[in-house]
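The next block holds one structure in the form of structure tokens; read it before the comments.
The values are calculated or read from the model by the stated rules, or taken from the named source; none is laboratory data. Note that the structure is predicted; figures quoted are calculated from it, not measured. All Cβ positions, glycine included, derive from the backbone under ideal geometry; neighbour counts span all protein chains shown. Surface areas here come from the heavy atoms of the whole protein model, side chains and all, with no ligands, DNA or RNA. Shrake-Rupley method; radii C 1.70, N 1.55, O 1.52, S 1.80 Å.
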Amino acid sequence: MPVVVVIGGQWGDEGKGRIVDLLARKARVVARYSAGNNAGHTIINDQGEFKLHLVPAGIFYPDKTCIIGNGCAVDPEVLLAEIGQLEERGVDTSKLVVSERAHVVMPWHRELDRLDELRRGDDAIGTTGKGIGPCFTDKVARRGIRIADLAEAEDLKDRMRNILDYQNKVITAVYGGEPLDFDECYTAYREFSNRLKPYVADVQKIILDATRNGDYVLLEGAQGSLLDLDHGTYEYVTSSVPSSTAAGSALGVGIGPTEITRAVGVFKSYCTRVGNGPFVTELFDDVSERLRNHGREFGRGEYGTTTGRPRRIGWFDAVAARYSVRFNGLSALVLTRLDVLQGLSTLKICTAYEIDGEIVDNMPANASVLNRARPVYEELEGWDGETSDVRNFDDLPKAAQAYIRRVEELLSTPVDVISVGPERQQAIIVNPMI
Ligand code: IMP
Ligand code: MG
């Protein structure tokens with residue numbers, strides 16, 4: 001049975017949560033495999049509107065096992081609060097599972113995230129400030145604490161004291177910050193560990209049992225591929241290891257790459273980015289204002305789910321998207337927020353970059369080169385009229401159809417689903433994918 005991975009093809013916030021919510025219907029298991037509560041998505045369904053940061057979007061179906069994989073960074077306080085809020089609103093979380101191998105976000109990670117952004121000043125990454133970068137840094141430096149470690153009281157005491165000694169030196173000597181108190185951290189995390197215990201298990205086994213049993217498994221990416229450490233716009237990327245790319249999904253739940261049968265990429269019909277870093281098609285005009293504030297009265301404008309920051313906005317960048325299609329090995333695309341584009345007289349798609357007088361159609365590796373790149377645009381006709389109620393491709397305005405067909409052509413990949421509104425039903429399913 002299929003193991004399908006859904007990734008964000010741009011810089012995050014493409015609407016993956018909503019698509020996972022739609023695709024999860026047929027799945028037995030839905031798993032998050034990377035990142036932490038720097039991610040965030042909004043889901044609107046019969047039970048209301050929810051903003052999730054750690055819990056997989058499949059949680060609203062009572063029959064699905066929802067997994068937070070070993071590749072995730074878990075802030076236990078945030079996770080417990082999210083579980084509490086879901087339960088309070090009548091969403092059953094008893095089928096939530098957290099990998100014993102997932103790394104834990106510690107109080108010093110949040111402090112180091114904050115201090116390092118301050119130190120960078122004008123060169124700040126624009127992180128979400130949730131401590132995710134420092135948590136993954138410590139994972140790689142073999143200085144991390146994992147969910148399984150929290151349950152070993154005595155061992156944890158020694159290990160945590162050792163690590164905090166080191167981190168307090170960094171906080172005070174490198175950054176001039178205030179040291180953190182060991183007892184406070186230790187007591188809090190032992191308490192979190194006790195409360196999380198019912199959710200902790202071996203994730204790999206659950207996924208392999210499901211596939212052996214012929215069940216369909218959905219792996220849910222967080223963030224966007226262009227924030228990937230290797231393939232993204234380095235150094236303006238996120239530090240998740242494994243990353244939120246399709247390839248990262250196998251690592252992040254502990255299965256082999258041959259288990260994955262399909263990779264689906266979610267792209268917004270235009271581009272957005274929160275935080276700093278190159279953005280070739282960025283707009284600073286009426287169009288970006290208009291797109292940012294579309295649906296704002298319903299809390300649907302382009303403002304970050306996690307930080308509330310206004311998102312940067314630009315035209316669809318086919319150079320970046322094509323690159324993302326390739327390194328993710330995408331077999332199908334989902335185009336989201338098509339409805340937001342209605343009412344513009346013309347639309348643009350960036351088909352190449354002009355860099356130092358030369359036309360290039362691939363993605364340069366260096367951020368300053370990317371910052372010098374000028375977009376080469378193709379202009380397309382816009383369309384008027386409401387598309388939110390359209391459910392068949394052929395019923396879309398002709399110009400909208402042409403826009404989607406052009407995206408398919410430029411990316412050499414079919415668009416299987418188009419979302420035209422925030423609600424579960426507001427989608428055009430060209431091909432059901434699963
Ligand atoms: P960090 O992940 O908090 O370290 O932030 C690094 C960069 O990734 C910043 O530009 C963030 O805005 C961006 N980022 C991290 N998570 C997300 C996400 O879920 N959506 C969009 N951008 C994100
Ligand atoms: Mg988001």
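Shape summary: the chain maps onto an equivalent ellipsoid whose semi-axes, from the alpha-carbon gyration tensor, are 36, 26, 19 Å in decreasing order. Ile359 sits with roughly 110 Å² accessible to a 1.4 Å probe, with DNA, RNA and ligands left out of the calculation.
Considering only Val407, Leu370, Leu164, and ranking their Cα positions along the charge dipole of the chain that arises from unit charges at the beta-carbon of Lys, Arg, Asp and Glu, the one farthest toward the positive end is Leu164. Mean separation of Cα pairs under 8 Å and 6 or more residues apart, divided by the residue count, gives segment 5-130 a relative contact order of 21 percent. Stokes-Einstein diffusion of segment 52-111 at 10 °C, 1.306 mPa s viscosity, Kirkwood radius from Cα pairs, rounded to a whole number: 132 µm²/s. Kirkwood radius for segment 130-253, taken over all pairs of different Cα atoms as the inverse mean of 1/r, rounds to 17.1 Å.
Largest first and in whole Å, the equivalent-ellipsoid semi-axes of segment 12-81 read 18, 14, 12, each the square root of five times a Cα gyration tensor eigenvalue. Protein-only accessible surface at a 1.4 angstrom probe places the residues Arg212, Arg190, Arg18 in the order Arg212, Arg190, Arg18, largest first. Give me the net charge for the shell around Tyr199: Cβ to Cβ below 11 angstrom, other residues only, Lys and Arg +1, Asp and Glu -1. Value of the local net charge: +2.
Computed from the alpha carbon atoms alone, the convex hull of segment 292-376 holds 142 Å³ per residue. 3J(HN,Hα) along segment 30-42, derived from phi through the Karplus expression 6.51 cos²θ - 1.76 cosθ + 1.60 where θ = phi - 60°, amounts to 10, 10, 8, 10, 7, 6, x, 8, 6, 6, x, 9, 9 Hz, with x in place of Gly and Pro. So if the hydrodynamic radius of segment 182-334 is defined as the Kirkwood radius over C-alpha pairs, what does Stokes-Einstein give as its diffusion coefficient at 25 °C and 0.890 mPa s, in µm² per second? Here the translational diffusion coefficient equals 134 µm²/s. Taken about its Cα centre, the chain carries a charge dipole of roughly 660 debye when the Cβ of each Lys and Arg holds +1 and the Cβ of each Asp and Glu holds -1. Once C-alpha pairs closer than 8 Å and six or more residues apart are averaged by separation and normalised to the residue number of the chain, the relative contact order reads 20 percent. Just the protein heavy atoms count here, and of the accessible area of segment 144-234 at 1.4 Å, carbon and sulfur take up 45 percent. Against the empirical curve 2.2 N^0.38 Å, the C-alpha radius of gyration of segment 309-434 lands at a ratio of 1.13. Taking label positions 7 Å along the Cα-Cβ direction at both Asp202 and Asp389, the computed distance is 5.5 nm, reported to one decimal. For the chain, the antiparallel share of DSSP beta bridges with both residues in that region comes to about 40%. The stretch between Leu180 and Glu235 holds 17.0 nm of extra length on full extension. This uses 0.36 nm per residue minus the Cα-Cα distance.
Charge tally around Ala24: other residues with Cβ under 11 Å, Lys/Arg +1 each, Asp/Glu -1 each, net +3.
Could you tell me the calculated FRET efficiency between Arg326 and Glu259, based on Cβ-Cβ distance and R0 = 25 angstrom, to the nearest 0.05?
0.70
Average accessible surface for segment 53-210: 46 Å² per residue, computed with a 1.4 Å probe over protein heavy atoms with every protein chain in place.
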